[in-house]
Amino acid sequence: GMNAAVRAVVRMGIYVKAKVYFVYEGYQGMVDGGDNIVEVSWESVSSILQVGGTVIGSARCKSFRTREGRLQAAYNLVQRGITNLCVIGGDGSLTGANLFREEWSGLLEELAQKGKIDEEAVKKYAYLNIVGMVGSIDNDFCGTDMTIGTDSALHRIIEVVDAIMTTAQSHQRTFVLEVMGRHCGYLALVSALACGADWVFIPEYPPEEGWEDSMCVKLSENRARKKRLNIIIVAEGAIDCHNKPITSEKVKDLVVQRLGFDTRVTILGHVQRGGTPSAFDRILASRMGVEAVLALLEATPATPACVVSLSGNQAVRLPLMECVQMTQEVQKAMDEGRFVEAVRLRGRSFENNLNTYKLLSHKKPDAELPKTNFNVAVLNVGAPAAGMNAAVRAAVRVGITEGHKMFAVIDGFEGFARGKIKEISWGDVGGWTGQGGSILGTKRTLPAKYLEKIADQMRTNNINALMVIGGFEAYLGLLELSAAREKYDEFCVPMVMVPATVSNNVPGSDFSIGADTALNTITDTCDRIKQSASGTKRRVFIIETMGGYCGYLANMGALAAGADAAYIFEEQFDIRELQANVEHLTEKMKTSIQRGLVLRNENCNENYTTDFIYQLYSEEGKGVFDCRKNVLGHMQQGGAPSPFDRNFGTKISAKAMQWISKKLKETYRKGKVFANTDDSVCLLGMRRRNLVFQPVAELKTETDFVHRIPKEQWWLKLRPLMKILAKYKTSYDVSDSGQLEHVAMHSQKEAETGAI
């Protein structure tokens, strides 16, 4: 993702008419100067979006840690009139940058005394501004929800785990996987959550005394339940409660000695740092790069050096040193054995991950489970979306932990009416997180025409609450069921919806399960198509994406793949705009970048179809470029779920289930559940920074029912971003850019209310 950030900074810099320089090889290049500091153009950053690592190189630098080294670096920058630095790196790089900024005026005075620069230069370049972006696969930087590179590292880990699971399944083996994270267990924790690992070892949360026994009991119990494989994930910095390291070899030896299981160790190593960046990382880095340039433009000598980052779905700016100090606090807490504190300092997202993992991985013995006598049904509605199964698994396991009897409905509302409903146990959903599509089966049918039959089934099976995982149809279905409450008492029960659709068109939520996987599919395909186009030269591809009337996939796919244009329904376009795009591409063909990529949402315009646009481009581009078209179709609904979708599905669904338990307690009167208020039919959505329960009745006013999309969509604010990065003149609305905030210590209450 670093290259996406580099590309965004360069292009946004040129867009605001600044001169932009590359410093090659990190601080080493800044100290060495010469050819390591080069002015760059628009085309310098073409075709780097899909490349892993960083094209400008990176190096650890001893000399920059000395004052002489920094003096030389300051001299090299002043020679070129550079007073704004954008640093992409971990906490070490950022701390170094801050020190450099604090010493800057002193360094210039020293250079003037030595006669290397004149007094004029000291005045002219008196201040250095610094903005940081955190690039670190460990996600170990406090104040940012996701650092650039973390999501891609998770993709690598999950690809490996999925591959290992098939061989372990065949041979009935136990695998111990060692993942990166010397001081931070984020990768280990999230990958354990995403693949349903049996046990995980992380530095922030060492196992209790006697963990060897409890782990072995757990592994042998799983085998007894007919589970043919065990996966144990170990962070490289894992420790026990006496701060002694727990190595993957040690874990393996333990399993072999105590249980005699056939056990193998796989150390993932630097695989995790490589490969193509995921769609999430490209979009994150592009947003951060643009935000970084804006922050530099607005920086004054009085503002502290800041880092740009993402909190939930919101771009924020945070004082660099506050983040660094808090990051160091975590390490200090761990060194001193204050582990509960360390987990809290990591932030609410980490804490949520840990709590969800603990909830889902270990089944309590039946005797210890509470008994509520409530029956809860789970169903999938709408088109299949990757991550639905992870959501069902989390719902079933949390429900069982809370003491309910869980029922699975096969084939949506239609199956419900036909009585396709059965009890589902803890073990039934094992291994579901990595499965694409919908195992329960899903249908687009709405409940309105089956109300009587569904009510019968609810009564027969004594269903006290409903959890619906699905897309726009699920939302319409809940509206219909709540409207039918007057006629049928059976529907007077708590109902909750978890959004799952590739289109991401459900009102009340910024994200829906499945959209990230679809976006990765689109991005991968576009990468291949771009490669084919650059091989043939002067070729423009027109690619049609899914999404109904919602342009999310087309717009975000365009941003992640580096497209020249994206046609969407939400932003009406006419023949003049098509003409302008053709002219823009004609100009582009005169440069060294001789290929074009245009995305079109399937329903963006009933007359300007994909064929029409293809024919128009072919005619207008005659003699300059030729055209090809490609309809991506249903491959966007399939495939193994991405780490984001597994994780998001797991956490949002667990939270929805806890809400159901709370509502059941509140609405249980005189031996039966009776809930008929609006707030007992809710949609759980991700809104900016929090997970929020919203009554579906209240969401009606926010919905365009004709086109099945929300009236307001957050991602439309990213439209100008895509256009700027594709070299269009457009106005960028800075009102949404982050204001400087302080790093908040997240209180316990906040951790419960909701971050992801």
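The values are calculated or read from the model by the stated rules, or taken from the named source; none is laboratory data. A quick note: this is a predicted structure, and the numbers were derived from the prediction, not measured. Positions of Cβ are generated from backbone atoms using ideal geometry, with glycine treated the same way; all protein chains shown enter the neighbour counts. For accessibility, only protein heavy atoms count, side chains too; no ligands or nucleic acids. Shrake-Rupley method; radii C 1.70, N 1.55, O 1.52, S 1.80 Å.
Roughly how big is the chain's charge dipole about its Cα centre, with Cβ charges of +1 (Lys, Arg) and -1 (Asp, Glu), in debye to the nearest 20?
Computed about the Cα centre, the dipole is about 1220 debye.
Below 21 Å, Cα to Cα, which lysines can LYS17 reach? Residues fewer than 8 away in the same chain don't count.
LYS124, LYS588, LYS723, LYS727, LYS729
Multiply the residue gap between SER105 and SER592 by 0.36 nm, knock off their C-alpha separation, and tell me the result in nm, one decimal place.
On the way: separation 487, 0.36 × 487 = 175.32 nm, distance 4.12 nm.
That pair, SER105 and SER592, stretches by 171.2 nm at full extension.
Carbon-plus-sulfur fraction of the accessible area of the stretch 431-542, 1.4 Å probe, in percent?
On the stretch 431-542, the fraction of accessible area on carbon and sulfur atoms equals 45 percent.
Please identify which residues in the stretch 390-429 have an amide N closer than 16 Å to a label point set 7 Å out from the Cα of ASN462, following the Cα→Cβ vector.
Hits in the stretch 390-429 for ASN462 at 16 Å: 403-407, 422-424.
Could you work out how far the C-alpha centroid of the stretch 136-213 sits from that of the stretch 544-574, in angstrom?
With the stretch 136-213 and the stretch 544-574 each reduced to a Cα centre, they are spaced 34 Å.
Could you size up the charge dipole of the stretch 150-273 around its Cα centre, putting +1 on the beta carbon of Lys and Arg and -1 on that of Asp and Glu, and report it in debye to the nearest 20?
440 debye
What is the Rg over Rh value, at two decimals, for the stretch 516-637, using alpha-carbon atoms and the Kirkwood definition of Rh?
Taking Rh as the inverse mean 1/r over Cα pairs, Rg/Rh reads 0.94.
Taking 0.36 nm per intervening residue step and subtracting the Cα-Cα distance, what contour gain separates GLU298 from GLU666 on full extension?
This chain segment gains 127.4 nm when fully extended.
Using only Cα atoms and rounding to the nearest 10 degrees, what angle (0 to 90) does helix 150-171 make with the longest principal axis of the chain?
Once rounded, one gets 50 degrees.
Grab the beta carbon distance between GLU423 and GLN325, set R0 = 56 Å, and tell me the FRET efficiency rounded to 0.05.
FRET efficiency, GLU423 to GLN325: 0.60.
Provide the solvent-accessible area of MET686, counting protein heavy atoms only and rolling a 1.4 Å probe, rounded to the nearest 10 Å².
10 Å²
Return one number: the angle in degrees, 0 to 90 and rounded to the nearest 10, between the long axis of the Cα atoms of helix 186-195 and the longest principal axis of the Cα atoms of the chain.
The helix 186-195 is inclined about 40 degrees to the chain.
Return the distance in nm (one decimal) between the two label points of a simple spin-label model at ARG628 and GLU25, each offset 7 Å from Cα along Cα→Cβ.
Calculated label separation equals 4.0 nm.
Got a sec? What order do GLU480, GLU159, GLU102 fall in by accessible area at 1.4 Å, biggest, i.e. largest, first?
Descending accessible area places them as GLU102, GLU159, GLU480.
By how many nm would the segment from ARG228 to GLN79 lengthen if fully extended, with 0.36 nm per residue of separation less the alpha-carbon distance?
On the way: separation 149, 0.36 × 149 = 53.64 nm, distance 6.53 nm.
Full-extension gain reported as 47.1 nm.
State, to one decimal in nm, how far the label point of PHE339 lies from the label point of GLU698, with both points 7 Å from Cα in the Cβ direction.
4.0 nm
Tell me, what is the 1.4 Å probe accessible area of PHE625, in Å² to the nearest 10?
Its heavy atoms expose roughly 10 Å² to the probe.
How far is helix 451-460 tilted off the main Cα axis of the chain, in degrees rounded to 10, range 0 to 90?
70 degrees
Using the Cα gyration tensor of the stretch 150-273, with a ≥ b ≥ c the square roots of its eigenvalues, what is the shape: rounded (a/c below 1.5), prolate (a/b larger than b/c) or oblate (neither)?
On the way: a/c = 1.81, a/b = 1.10, b/c = 1.64.
Oblate.
Taking 7 Å along the Cα-to-C-beta vector as the label spot, tell me the GLN579-ASN690 distance in nanometres, rounded to one decimal.
Each label point lies 7 Å from its Cα, and together they span 5.0 nm.
Percent antiparallel among DSSP beta bridges with both residues in the chain, to the nearest 5?
Bridges in the chain that DSSP calls antiparallel: roughly 25 percent.
Which whole-number value in Å² is the accessible area per residue of the chain, probe 1.4 Å?
Dividing the accessible area of the chain by its residue count gives 39 Å².
Probe radius 1.4 Å, ligands and nucleic acids ignored: give me the carbon and sulfur share of the accessible area of the stretch 48-97 as a rounded percent.
The C+S portion of the solvent-accessible surface of the stretch 48-97 is 47 percent.
Can you work out D for the chain in µm² s⁻¹ from Stokes-Einstein, where Rh is the Kirkwood radius over C-alpha pairs, the temperature is 4 °C and the viscosity is 1.567 mPa s?
Stokes-Einstein gives a translational diffusion coefficient of 47 µm²/s.
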